[in-house]
Amino acid sequence: MPARLILNADDLGLTRGVNRAVAELSAAGVLTSATLMACGQAFDDAVEVARAHPILGVGCHIVLTDGEPVSPPASIPSLLGPDGRSFRPRLTHFLQALLTGRIRSGDIAREALAQIEKLQRAGIRITHLDSHKHTHLFPMVSRPLLEVAERTGIRAIRSPFEPSWSQSLAQGGTSRRLAIRAVALLKPAFDGAPQFGSEAVRTPDGTIAISATGNLDADALAQLLRAVPAEGTYELCCHPGYNDADLDLITTRLREHRNVEREALLAEVPRALTQPNAPTLISYADL
């Protein structure tokens, strides 16, 4: 059986331009999944996109940094930044608080549940969870997320670790590749979660294009698609969109590159699918 590949776009709901790109790519057959931000400014529009494209798997993109919570702020104090209303604006600040024990797992679980329930109230059948900026790399985040997933009947979660064959392509900047190699030390703790042992929750064999984030042009995407092994299940994580006026109002390092990724998917995925032993495209619902 050939390898299976989930083509997942993060940040659905961030802007209408991101939503538009997801809709177009789904219609073109070059995107099978997307993760919706419950606190995204274009959430309602994203829900309409999901309804219009029922073949698209839709997960919940759990946001714990750089944004506004869904929960009442007073109910999740350890997740908040200095203003007492929003999350810590920088990933480094979140990680400092996490690694020094200042973030409570109960607050993570409470906010994750609030984000999940917002999608469910909108009629979204959630296929899986992942996290903004891959914060569930860390056991202090993955444990409560997996517990909430099991409790809410969500059957899959992203493996936030890039497999060695993908890392060996040396895509992306040196510092990012070194960081990805370092956090691989956390993979045994993630893989050992009881939800995987009981098969209450499943996860792919790894996620590719993490190191290529911000550099995923047509050449890099083609290289990745050629390198997919003959067996296994993988997710390709991408961030397509339109660099428009709405995106100018958002704090993100991915601007013009969202256009680049959108065009790369349109060009390279159909080409890859014509090759011998091409991977079978699936969504998280197929796990």
Reported set for region 147-186 where residues are of a type in the set (S, T, N, Q), crowded, with 21+ Cβ neighbours inside 10 Å and farther than 18 Å from residue 137 by Cα is 171
Of all residues in region 8-31, how many are buried (at least 24 other Cβ atoms within 10 Å of the Cβ) and farther than 17 Å from residue 44 by Cα?
4
For region 251-277, give me each residue that is more than 18 Å from the chain's Cα centre (by Cα) and outside any helix (DSSP H, G or I).
274, 275, 276, 277
Which residue pairs have Cβ atoms closer than 7 Å, lie 6 or more positions apart in sequence or on different chains, and pair a first residue in region 72-96 that is touching a residue at least 12 places away in the same chain (Cβ under 8 Å) and aliphatic (A, V, I, L, M) with a second residue that is in a loop (DSSP other than H, G, I, E, B) and surrounded by 14 or more Cβ atoms within 10 Å (Cβ to Cβ)?
76/69; 79/64; 79/69; 79/103; 91/65
Region 187-240, residues that are β-branched (Val, Ile, Thr) and within 16 Å of residue 145 (Cβ to Cβ):
201, 203, 207
Looking only at residues that are assigned to a strand (DSSP E or B) and touching a residue at least 60 places away in the same chain (Cβ under 8 Å) in region 194-236, which one is surrounded by the fewest Cβ atoms within 10 Å (Cβ to Cβ)?
202
Any idea which residue in region 115-149 is modelled with the highest pLDDT, counting only those that are under 23 Å from residue 208 (Cβ atoms) and charged (D, E, K, R)?
130
Of the conditions (1) part of a helix (DSSP H, G or I); (2) within 18 Å of the chain's Cα centre (by Cα); (3) at pLDDT 95 or above, residue 180 fails just one. Which one is it?
(3)
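Restricting to region 162-193, give me the number of residues that are touching an Asp or Glu at 6+ places or on another chain (Cβ under 7 Å) and free of Cβ contacts under 8 Å to residues at least 60 places away in the same chain.
Residues of region 162-193 that are touching an Asp or Glu at 6+ places or on another chain (Cβ under 7 Å), as a first pass: 163, 180.
Next cut, free of Cβ contacts under 8 Å to residues at least 60 places away in the same chain only: 180.
The qualifying residues number 1.
For region 142-160, which positions are among the hydroxyl-bearing types (Ser, Thr, Tyr) and in contact with a Leu (Cβ under 9 Å, 6 or more places away or on another chain)?
142, 152
Quick check: is even one residue across region 238-261 closer than 21 Å to residue 2 by Cβ, β-branched (Val, Ile, Thr) and touching a residue at least 24 places away in the same chain (Cβ under 8 Å)? Write out each step before concluding.
Just the residues of region 238-261 that are closer than 21 Å to residue 2 by Cβ, to begin with: 238.
Still in the running and β-branched (Val, Ile, Thr): none.
Checked against the condition, which is being closer than 21 Å to residue 2 by Cβ, β-branched (Val, Ile, Thr) and touching a residue at least 24 places away in the same chain (Cβ under 8 Å), region 238-261 yields no hits at all.
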All conditions in (1) small (Gly, Ala, Ser); (2) closer than 17 Å to residue 135 by Cβ; (3) surrounded by fewer than 22 Cβ atoms within 10 Å (Cβ to Cβ) are true of residue 40 except (3)
Provide a single number: the residues in region 278-287 that are out of contact with any helix residue (DSSP H, G or I) (no Cβ under 8 Å at 6 or more places or on another chain) and not in a loop (DSSP other than H, G, I, E, B).
5
Say whether the condition of being in a helix (DSSP H, G or I), more than 18 Å from residue 61 (Cα to Cα), modelled with pLDDT of 95 or more and among the aliphatic types (A, V, I, L, M) is met by at least one residue in region 100-114.
no
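The values are calculated or read from the model by the stated rules, or taken from the named source; none is laboratory data. These numbers come from a predicted model, not from an experiment. Here the Cβ is made from the backbone with ideal geometry for all residues, glycine too, and neighbour counts use every protein chain on show.
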